[in-house]
Every structure is written in C-alpha cells, then in structure tokens.
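Structure first, then comments.
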Amino acid sequence: MSQSAFQPVVVSPMDEFNQRLVSRVHPPDWTNPQPRDRYDLVVIGAGTAGLVVAAGAAGLGLGLKVALIEKHLMGGDCLNVGCVPSKCVIRSSRVVAEMRAADRFGVRSPNSIEVDFAAVMARMRQVRAGISDHDSADRFRNLGIDVFLGAGQFVEPGTIAVGGTTLRYKKAVIATGARAAVPNVDGLDQAGCLTNETVFSLTERPSRLAVIGGGPIGSELAQTFQRLGSQVILFHRGSHILNKEDADAAAVVQRVFIREGIDLVLNSALRRVESTSEGKVIHFTRDGNPDSITVDEILVGAGRAPNVEGLNLESVGVEYNRQRGIAVNDYLQTTNPHIYAAGDICMDWKFTHAADAAARIVIKNTLFAPFGLGRSTLSSLVMPWVTYTDPEIAHVGLYEQEAQQQGIDVEVITIPFEEVDRALADGEESGFLKILHPRGSDKILGATIVARHAGEMISEVTTAMVHKLGLNKLSSVIHPYPTQAEAIKKAADAYRRTLLTPRTKGFLRALTKLS
C-alpha cells in the first residue's frame, strides 16, 4: 500500500520562493511509491553524493531498480544551506565592496551605500528556488527512481525501513552527509546560535554578529556580513585565520579582513555565553587574558559532525565514529561489503565536488566491479578546493610543508599578481600564484592561487596534474592576453628558464655569434 509517511517541511520564511523550493525538494503532497520486490541499489540521503549515485545508476540504461530515501530536503546542504545560498549572498556583498572601492577606478562612490538586507536574502531565496528543480523529487521520479520521503533505517542485512514500509536491496549506499558542529560552550545552547542551517533564514541583519571559527565557512560568512553592514567579531583559536591553508595566502585574506573592519579575536578561547537585556554576552580569553563582548547574534562555523544517528548501523555491521563518520576503505566500501558510503558522512574532503567525484567511484565499484571491470579508488583523486573569501584562495595537491614532510625536495615558483598586467588593470594585484615541483622535474605537485577569481583558475592546474602534464607543457599553452590566468603561463615560463644552465647559455651565445 503506497503511503505518505512524513511531516510537511517548513523553510523559514515561508514566502513564495521557499514555498516553491519545498514544493520541489520535499513536496507536501508526496506519496511514497509501492516498493519493488528487491532493489539493485538503495541510497539513503539525497544530497549531492546520493543524487549523483541514484541518477547515475538509473541512467545507465540497464534497467536497474533504484530507490532514493530523503528525510528532509532533496539537494542536501549544497542547494539548501550551503553552496547555493552562500554564493548568492557573497555576490551581493561583493557588489557592496566594489561600490565602496569605486573611487580607486575614477568613479565617484555615492555618499552612502544602503544595503537592503531583506532584498539580498530574498534574491538568494529566489535563485535557490529556481535551481531547485534540478534536485526535485519529480525529476528523480521521472528518471525511473523510486523516491521515498522519510527517515531510512537499516533493519537487518538487506533490509531498510522507511515511512512504515521496508525496502529490500542488493547493495546500499549511505550518503546522509554532515551538519554544523556546535562547540560545547557553557550557556551557548540557552542563548541560541546560528549555523549554516539557519543563517540563510534571516530576514533582518544583525547589527553585531559574532562568528565562531576562522576556517573556510566562518571566514566566508564573516566577510559577507561585514560587507552587508553588520559589525563582525571573528573568534578563532589559531594565531591567524584559515590556518590550514598556505600561510602566505591566509595572510593576504587576513589583511583584507582587518582593512574592512572585521574585529579578529585570535588565540581565543570561549568560556561562557549569557543572555542579557543588551544582547548575548560572550566571555572569552585572548592570549590568555579574560575579556567579554556583547552581540546580537552568534554564528557558529567551527567544523562538521557526521549524520550517523538513527541509521541503526549496528544491525548491519557498519562501523562508524560519531566524530569522523562511517569507516570506509579506499573503494568507499564500509565494513559491510554490500554497503558503501560517499560524501561528508565518510570523507575528510567536505566539498560538493568531492561528493560528486566519490559518487562516481561508488557507481563503478557497486555496479561494474563485481563483473571484473575494475575498481576506482578515493586516493586516486586529485582534489582542488576553494575558500570563497574575497580574494579567494584556491588550492590543489600538496602544500610545501606536506611535501617536505614526505621527504620531497621541492622548489616553489611564486608569481605575484603585481607582475600580472590584467591584475594591475583590475586593481587586484595583492594576490599570487604558487606552484610546487620536485627539484629537477617539471611535475606539478601542488598549487595555491590567491585572487578574486582564483576558483576559476585552479582547474587548469588540476587538469595538468590529472593528465600528468608538467610545467614544460603548460609553458607551450597560449593564454589570451590580458587575463589573470596568464600567471600560470608565467610560472611555467619561469621553470623553463631554470633549464638554461650556464653551459646551455654559452652554447646558445656561440650559435648566435655564428648566425
């Protein structure tokens, strides 16, 4: 008997845009289908990893029976509370920054720049609703996938319960993702805090905003809200923000943060939070010295926690850790050989594109490998990532310190953007490109780019690394002039010049005299 066995989902504010979003990614009138006798593949979680696995398996044209289970919003974090909404508000904040800097370009700025925060957030909701059709329940049903809305739970090997019914499967994939980790600070729960799961529901701008965590999420949102008119106080335990990135790259962004008026509280430890009539009072230490500050809202951007609760993993012999998530091998196979996992639930790389890549590995390893067609591994991936501050930090491969720890004698080619004509024309000369290569080899081991559009540039280096193209090959690529990506060619040309040994130069000089 088919049934609708879930509670309607509300996404605040429930305006026309969020109503459209919900109607697609968790339709209130949805009826779960009658289960098949046995599914070839059941996927729990309809975020990026789960959607790619389900769509990929169903789209092979092999007549596979595929089921997809989601208890909340299809599209997962990326669509609803991550990539899409954050980049929308980041774009609005960049407009503000460009207007404030207009005088540098001979354009008179208006006397006052007014940010309509409610309109910024409404635009975000409109864009998100428009994109949501791609992740909708209807779309995946039309792909031939049985979509079940409800909480999935393993019952016993080969069986999953959802919405009052059971699904039998040959293979299963866990793609339930992760959520914001809230630090254990006395009084924080009582005072209340925002996370990426709630901050995009704001319709009024907080005048004073504390951001906990100077990693990628905290840094991106701290700069965004500062530019949109909040006074942001950023708390970070380390001595500088973005401490997992290249130190020189982090320093560029940190200088921008200070210039834009963000109050950086580094080497800090939060002690307690209390609610008062004046706001939320945060008691903390900075360099061991006690202090306090009063804010209107607290936004937590300090790590992620895997969504392992409620799955009854013990019943199917799947090992997991509440901090690190589900244990998988290099093939993304769990300790139960019939169950795989992909995405934030099991991976250190917590990026949408990493979840997508992992999903493709799972498709191959669950459906093709049993027939001797080879298996793919997580360790074989060359993974780039971007922190969407302004300027952005994009990275791929090894950092210099990692290479040294592995005993690799590396050389670093650095191209400051003040040597790149287009960056000078754009007024964006504060960044740089770094490329690592082994001494005596043109093999690219890693790269870091700091630039306003670094994320658009890193793929060229990633492509070279994936296809084992060295700096010699990159040097032969013609780059349009003037572009900021020309920095990559400059780095490759710098390597080529190192090949001109004194003996080679002498030989060339001799040839020149003979000609």
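The values are calculated or read from the model by the stated rules, or taken from the named source; none is laboratory data. Just so you know, these numbers come straight off a predicted model, no measurement behind them. All Cβ positions, even for glycine, are placed from backbone atoms using ideal geometry, and neighbour counts span all protein chains on display.
A few comments on the model shown:
- Test: residue in region 103-112 that is among the basic types (Lys, Arg) and under 15 Å from VAL22 (Cα atoms): no
- Among residues of region 289-307, those that are touching a residue at least 12 places away in the same chain (Cβ under 8 Å), surrounded by fewer than 16 Cβ atoms within 10 Å (Cβ to Cβ) and over 13 Å from ARG272 (Cβ atoms), counted: 1
Residues are listed down the side, and each one gets a yes or a no for (1) surrounded by fewer than 19 Cβ atoms within 10 Å (Cβ to Cβ); (2) in contact with a helix residue (DSSP H, G or I) (Cβ under 6 Å, 6 or more places away or on another chain); (3) not in a helix (DSSP H, G or I):
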{"position": "SER315", "(1), (2), (3)": "yes, no, no"}
{"position": "ASP330", "(1), (2), (3)": "yes, yes, yes"}
{"position": "ILE345", "(1), (2), (3)": "no, no, yes"}
{"position": "ILE361", "(1), (2), (3)": "no, no, no"}
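- Pick from region 134-148, criterion among the charged types (D, E, K, R) and part of a helix (DSSP H, G or I), ranking: nearest to the chain's Cα centre (by Cα): ASP135
- Residue within region 419-426 that is of a type outside the set (D, E, K, R), out of contact with any helix residue (DSSP H, G or I) (no Cβ under 6 Å at 6 or more places or on another chain) and not assigned by TED's automatic domain parsing to the domain that holds ASN329 present: yes
One line per residue, one yes/no per condition, for (1) closer than 17 Å to VAL386 by Cα; (2) out of contact with any helix residue (DSSP H, G or I) (no Cβ under 7 Å at 6 or more places or on another chain); (3) not aromatic (Phe, Trp, Tyr):
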{"residue": "ILE458", "(1), (2), (3)": "yes, yes, yes"}
{"residue": "ALA464", "(1), (2), (3)": "no, no, yes"}
{"residue": "HIS467", "(1), (2), (3)": "no, yes, yes"}
{"residue": "VAL477", "(1), (2), (3)": "no, no, yes"}
{"residue": "PRO482", "(1), (2), (3)": "no, no, yes"}
{"residue": "LYS489", "(1), (2), (3)": "no, no, yes"}
{"residue": "LEU499", "(1), (2), (3)": "no, yes, yes"}
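- When residues of region 95-133 are limited to those that are surrounded by fewer than 19 Cβ atoms within 10 Å (Cβ to Cβ) and under 19 Å from the mean Cα position of the chain (by Cα), the one nearest to GLY229 (Cα to Cα): VAL127
- Residue within region 113-136 that is touching a residue at least 60 places away in the same chain (Cβ under 8 Å) and touching a His at 6+ places or on another chain (Cβ under 8 Å) present: no
- A search for C-beta distances below 8 Å between a residue of region 269-280 that is free of Cβ contacts under 8 Å to residues at least 40 places away in the same chain and any residue that is in a strand (DSSP E or B), counting only pairs 6+ apart in sequence or on different chains, returns ALA269/PHE284; ALA269/THR285; THR276/THR294; GLU278/THR294.
- Of the residues making up region 287-313, those that are among the acidic types (Asp, Glu), assigned to a loop (DSSP other than H, G, I, E, B) and within 23 Å of THR195 (Cβ to Cβ) number 2.
- Of all residues in region 345-361, those that are over 19 Å from ALA54 (Cα atoms) have Cβ atoms under 7 Å from Cβ atoms of residues that are in a loop (DSSP other than H, G, I, E, B), 6 or more apart or on another chain, in TRP349/MET383; LYS350/ASP344.
- When region 134-148 is filtered for residues that are crowded, with 17+ Cβ neighbours inside 10 Å and in contact with a strand residue (DSSP E or B) (Cβ under 6 Å, 6 or more places away or on another chain), the ones remaining, listed by number, are ALA137, PHE140, ILE145, ASP146, VAL147, PHE148.
- Hits in region 442-480 - residues which are part of a loop (DSSP other than H, G, I, E, B) and within 28 Å of the chain's Cα centre (by Cα): LYS443, ILE444, LEU445, ARG452, HIS453, HIS467, LYS468, LEU469, GLY470
- In this structure, LEU41 does not satisfy being in the same structural domain as ALA151 (by TED's automatic domain parsing), hydrophobic (A, V, I, L, M, F, W, C), within 30 Å of TYR340 (Cβ to Cβ) and part of a loop (DSSP other than H, G, I, E, B).
- Unique match (being in a loop (DSSP other than H, G, I, E, B), under 30 Å from ASP390 (Cβ atoms) and of a type in the set (S, T, N, Q)) among SER12, SER86: SER12
- Residues in region 15-38 that are within 16 Å of GLY130 (Cα to Cα) and either part of a loop (DSSP other than H, G, I, E, B) or small (Gly, Ala, Ser) (or both): ASP15, SER23, HIS26, PRO27.
- Residue satisfying all of: in region 435-452; touching a residue at least 24 places away in the same chain (Cβ under 8 Å) and more than 17 Å from ASP246 (Cα to Cα); surrounded by the most Cβ atoms within 10 Å (Cβ to Cβ) among these: ASP442
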